[in-house]
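To keep things clear, I will list the structure first and then write my remarks on it.
The values are calculated or read from the model by the stated rules, or taken from the named source; none is laboratory data. These figures come from a predicted structure and were not determined experimentally. Neighbour counts run over all protein chains shown; Cβ positions are idealised from the backbone, glycine included. What goes into the accessible areas is simple: the full protein's heavy atoms, side chains included, and nothing from ligands, DNA or RNA. Shrake-Rupley method; radii C 1.70, N 1.55, O 1.52, S 1.80 Å.
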Amino acid sequence: MNNKTYNNLQALARAARGKIKMIYLHWTAGQYITNYIERADYHICILGDGRIEIECDDLTELRTHTWHRNTGAIGIALCCGLGATANNGYNADFGLYPPTPEQITAMAEVIAVLSRELVLPIDKNCIMTHCEAALLDGYGPYSGDPETRWDLWYIDDPGTKEKMQPGGDVLRGLANWFKTMGIPIE
Ligand SMILES: [Zn+2]
C-alpha cells in the first residue's frame, strides 16, 4: 500500500484501539469500483486494482455491513462479485468481476495494519469473512435463506497460488504473514 494510506490507517486504528472487537471481510457483489451505497456501508473498500479507499473518519462509526454484528466492528469490502453464483464453495462462477489477487493481497495488508494497531489477534474469533459469520447465524451457504451471504467463501490464494481455498483461511494466513514479515510500503 502507499505511504499515505498506511499512515491514515495507522492513525485511525490507534484512535479506535480498545473499541473494536471484530473485523468482517466482505465483497460488495458489485463492480471493481465503489458507489455511494458501498461507501456508506463499509469503513474501507478495496478497488479492483488493489487501491484502498478509506470511507470513514473514525473506525468506530457504526456501518451496516453484517447482520446483528455491526457494533464494535469494522467492515472491509472488496469491490467485486457482481452476478457471481456459488455452485458449491470451491466451484463458483465469479462472473465478470472475480476477486483479483491485488485486492486479496491489499485486504490482507489492511488486516495486518489494523491488527497490530488495534491489538487484535488475527484469528477466527476476531477476523471473519461475512460467509463465516453468516454460517454461524443461519444465513450462510446451503441455508436456503433468501438473504444468503457467501462473501469470500472460497478464493484463490495469491500467496501460495493455490486455487479456491477457504477465503477466511487465505486472508488470515496472508495477513499474519504480512504482520510478521512487514507490509510493503510504496
Ligand atoms: Zn457482506
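Miscellaneous remarks
- In the stretch 76-183, counting only helices (runs of 4 or more DSSP H) that sit wholly within it, the ones holding 2 or more residues that are under 18 Å from ILE52 (Cβ atoms) and touching a residue at least 12 places away in the same chain (Cβ under 8 Å) span 101-118, 167-181.
- Complete set of residues in the stretch 1-43 that are within 13 Å of the ligand (Cβ to nearest atom) and among the aliphatic types (A, V, I, L, M): ILE23, LEU25, ALA29, ILE37
- Among (1) closer than 21 Å to TYR42 by Cα; (2) open to solvent by less than 50 Å² (accessible area, probe 1.4 Å) - the single one GLU147 does not satisfy: (2)
- Hits in the stretch 39-49 - residues which are under 18 Å from THR5 (Cβ atoms) and surrounded by fewer than 18 Cβ atoms within 10 Å (Cβ to Cβ): ARG39, GLY48, ASP49
- Exactly one residue out of THR64, THR71 is within 14 Å of the ligand (Cβ to nearest atom) and open to solvent by 70 Å² or more (accessible area, probe 1.4 Å), and it is THR64.
- Tabulated pairs, the stretch 28-41, first hydroxyl-bearing (Ser, Thr, Tyr), second assigned to a helix (DSSP H, G or I), C-beta under 6 angstrom, 6+ apart or interchain: THR28/GLU38
- Scanning the stretch 80-138 for residues that are surrounded by 15 or more Cβ atoms within 10 Å (Cβ to Cβ) and among the basic types (Lys, Arg) yields a total of 1.
- Scanning the stretch 129-167 for residues that are out of contact with any Phe, Trp or Tyr (no Cβ under 8 Å at 6 or more places or on another chain) and aromatic (Phe, Trp, Tyr), we see that the one that is farthest from the ligand (Cβ to nearest atom) is TYR142.
- Just one residue in the set ILE76, ILE20 is surrounded by 18 or more Cβ atoms within 10 Å (Cβ to Cβ) and closer than 24 Å to LYS161 by Cα; that residue is ILE76.
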